[in-house]
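Down below is the structure, laid out as structure tokens.
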Amino acid sequence: MKVNRAGRRDGRGAGREGVVHTVKIIHIVPGSGGGFYCENCMRDGALVTALREQGHDVVLAPMYLPLFGDHPGLSRNVPVFFGGINVYLQQKSRLFRHTPRWLDRLLDADWLLQLAALRARTTRAAGLGEMTLSMLYGEGGHQAKELERLLAWLRVERPDLVHLSNALLIGLAPRLKSALGVPVACSLQDEDTWLDGLGPPHDRWCWDAIAERVPFIDAFFAVSEYYACFISERLPVPAECLYTVYPGSDRVGEARSPLPAEPPVIGYLSRLTPALGLDTLVNAFIELKRDPRLAATRLRLTGGSTADDAAWLRQLRAVLRGAGVAGDVEFIESFDRESRSRFLQGLTVLSVPVPKGEAFGAYLIEAMAFGVPVVQPRTGAFEEVIGKTGGGVCYAPNDAATLAKTLGGLLTDRGQLQRLADAGYQAVQGAFNMAATARQTARIYELVCGRARG
């Protein structure tokens, strides 16, 4: 097994070379409601699909809300656990912690959960500290009866390993271990955004609750070296249990973008919010169009939004009108798989200038799968991902002026644009595809299950 500089394992050598035994895996994945581009949802759906294609027995179990995204049929015939309405009511009232199953079942109806998701349409952590902490307490939290219902189903399924989608679900791990006696794995991607957004004192309490439950996890899957290092500073994760496995793209073989030049088209693919840098990109676009060579440049935006974003988006449209560029900006409502294909095939370059960076950035790999170069700030894992793929450029500092200058330099250098496009496209055809991710993941599953068997 290969070990990286920090002593963490990278997954590519896990298990005996070329030998991967089939095990039954349950992936527990929170649903997002489908209102915005959800990296974790698409990552998990693509991974489960790839594992199944490689012959593994994998079941995807949704939590909170029904699953949306590129692979909606993956959880067919599997109920939603910890239904969002029940979780909320059990948090707010003792009465609902003891209601009969027939009533809970009514509140878990898909149509009702979908309606609740549409009405809520929020991803704000603020105000949800008590509920987050209760979920992290697991059997000691207000949703304990939901955990017992999940365990009853898992006893019938008899998995060899349970994989949690993120560390916010780690409260399930102690009871899973004691009741099932199987290894538990946990992916790591951007949990800090939610936890730090809770505000004091709940942010500290929740980090502490996660730290206390780290020993119940047999393998942590970080999505980048950057995030593996970051999480190691926040949580006591043993180096021998921490693996870096990059989420690949399941878009191998897609028709490439011709990289339109007349006019060039800049794209943004993520939730439409200033939290992910859309304001920076828009200001850079306004600045860029002052260059006579790039006056015809267009901007296309997609990725959905939440109710929290509505007022800000109205202000953004007003800014675009005030700058006289609204006619060159297109807001694309649909962001399903087919719509994203059309979107990416029409771009010259993509940029999502997240202020503090992210643990990975699935939109980067998705753009590269269509031969679209990316321009990202030197924050988070962006420099690492671009360095590994060669499919883009980084800039610093992360402000509108520097982004405009970097975009302008790339859009006026057709040779560099094409070289970056080719490098990114080839990276996705090779190491950064989901089939490779699934093989690495399966080897780690085998290793962990082998340790558990002794």
**OP:** For Leu89, state whether it is modelled with pLDDT of 70 or more, buried (at least 21 other Cβ atoms within 10 Å of the Cβ) and outside the structural domain of Ser339 (by TED's automatic domain parsing).
**Re:** no
**OP:** Sort out which residues of segment 314-354 are of a type in the set (Ser, Thr, Tyr) and over 26 Å from Phe68 (Cα atoms), and write them in order of number.
**Re:** Thr348
**OP:** Residues being under 25 Å from Lys177 (Cβ atoms), outside any loop (DSSP other than H, G, I, E, B) and out of contact with any Cys (no Cβ under 6 Å at 6 or more places or on another chain): count how many of those fall in segment 220-260.
**Re:** 13
Subject >> Verdict on Leu161 being modelled with pLDDT of 95 or more and either touching a strand residue (DSSP E or B) at 6+ places or on another chain (Cβ under 8 Å) or in the same structural domain as Gly31 (by TED's automatic domain parsing) (or both) >> reply: yes
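Filter segment 180-236 down to residues that are among the β-branched types (Val, Ile, Thr) and over 24 Å from Glu139 (Cα atoms), then give me how many there are. Let's see the steps before the verdict.
Here is the first cut: in segment 180-236, the ones among the β-branched types (Val, Ile, Thr) are 182, 184, 193, 210, 214, 217, 223, 231.
This time we only want the ones that are over 24 Å from Glu139 (Cα atoms), so: 193, 223, 231.
Result for segment 180-236: 3.
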**OP:** Within segment 406-426, identify whether any single residue is over 25 Å from Pro260 (Cα atoms) and not acidic (Asp, Glu), and answer yes or no.
**Re:** no
Original post:
List the pairs whose first member sits in segment 329-350 and is over 17 Å from Gly424 (Cβ atoms), whose second member is in a loop (DSSP other than H, G, I, E, B), and whose Cβ atoms are under 7 Å apart, counting only residues at least 6 apart or on separate chains?
Top reply: Phe335/Tyr37; Phe335/Gly303; Arg337/Asp70
Subject >> Selection from segment 277-297 of residues that are assigned to a helix (DSSP H, G or I), of a type in the set (Asp, Glu) and either more than 26 Å from the chain's Cα centre (by Cα) or surrounded by fewer than 18 Cβ atoms within 10 Å (Cβ to Cβ) (or both) >> reply: Glu287
**OP:** Sort out which residues of segment 312-369 are basic (Lys, Arg) and touching a Gly at 6+ places or on another chain (Cβ under 7 Å), and write them in order of number.
**Re:** Lys356
Original post:
Under 7 Å by Cβ, and 6 or more places apart or on different chains, what pairs join a residue from segment 303-323 that is more than 19 Å from Phe36 (Cα to Cα) with one that is outside any helix (DSSP H, G or I)?
Top reply: Leu320/Val329
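If you check Arg414 against the conditions, is it in contact (Cβ under 8 Å) with a residue 40 or more places away in the chain and not assigned by TED's automatic domain parsing to the domain that holds Asp190?
Values: in contact (Cβ under 8 Å) with a residue 40 or more places away in the chain: yes; not assigned by TED's automatic domain parsing to the domain that holds Asp190: yes.
Against the criterion (in contact (Cβ under 8 Å) with a residue 40 or more places away in the chain and not assigned by TED's automatic domain parsing to the domain that holds Asp190), Arg414 qualifies.
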Original post:
Name the helices (runs of 4 or more DSSP H) wholly within segment 130-209 that hold at least 2 residues that are closer than 22 Å to Pro236 by Cβ?
Top reply: 173-180, 191-197
Subject >> Of all residues making up segment 113-135, the number that are modelled with pLDDT of 90 or more and out of contact with any Cys (no Cβ under 6 Å at 6 or more places or on another chain) >> reply: 5
Original post:
Just checking, which of Arg300, Arg271, Arg234 is assigned by TED's automatic domain parsing to the domain that holds Val375, within 30 Å of Leu51 (Cβ to Cβ), among the basic types (Lys, Arg) and within 24 Å of the chain's Cα centre (by Cα)?
Top reply: Arg271
Subject >> Residue satisfying condition, being closer than 21 Å to Ile25 by Cα, of a type in the set (D, E, K, R) and either modelled with pLDDT of 90 or more or outside the structural domain of Gly303 (by TED's automatic domain parsing) (or both), within set Arg105, Arg76 >> reply: Arg76
**OP:** For segment 80-95, name all the residues that are of a type in the set (S, T, N, Q), in a helix (DSSP H, G or I) and more than 15 Å from Pro30 (Cα to Cα).
**Re:** Gln90, Gln91
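Listed residues Arg414, Arg443; which is surrounded by fewer than 21 Cβ atoms within 10 Å (Cβ to Cβ) and of a type outside the set (Phe, Trp, Tyr)?
Criteria check complete, one pass: Arg414.
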**OP:** Among the numbered conditions (1) over 19 Å from the mean Cα position of the chain (by Cα); (2) touching a residue at least 12 places away in the same chain (Cβ under 8 Å); (3) assigned by TED's automatic domain parsing to the domain that holds Ala362, tell me where Ser257 comes up short.
**Re:** (3)
Original post:
Got a number for residues in segment 210-219 being farther than 17 Å from Ser134 by Cα and outside any strand (DSSP E or B)?
Top reply: 4
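The values are calculated or read from the model by the stated rules, or taken from the named source; none is laboratory data. Keep in mind the model is a prediction, meaning the values are calculated, not measured. FYI the Cβ positions are ideal-geometry reconstructions off the backbone, even for glycines, and counts take in every protein chain you see.
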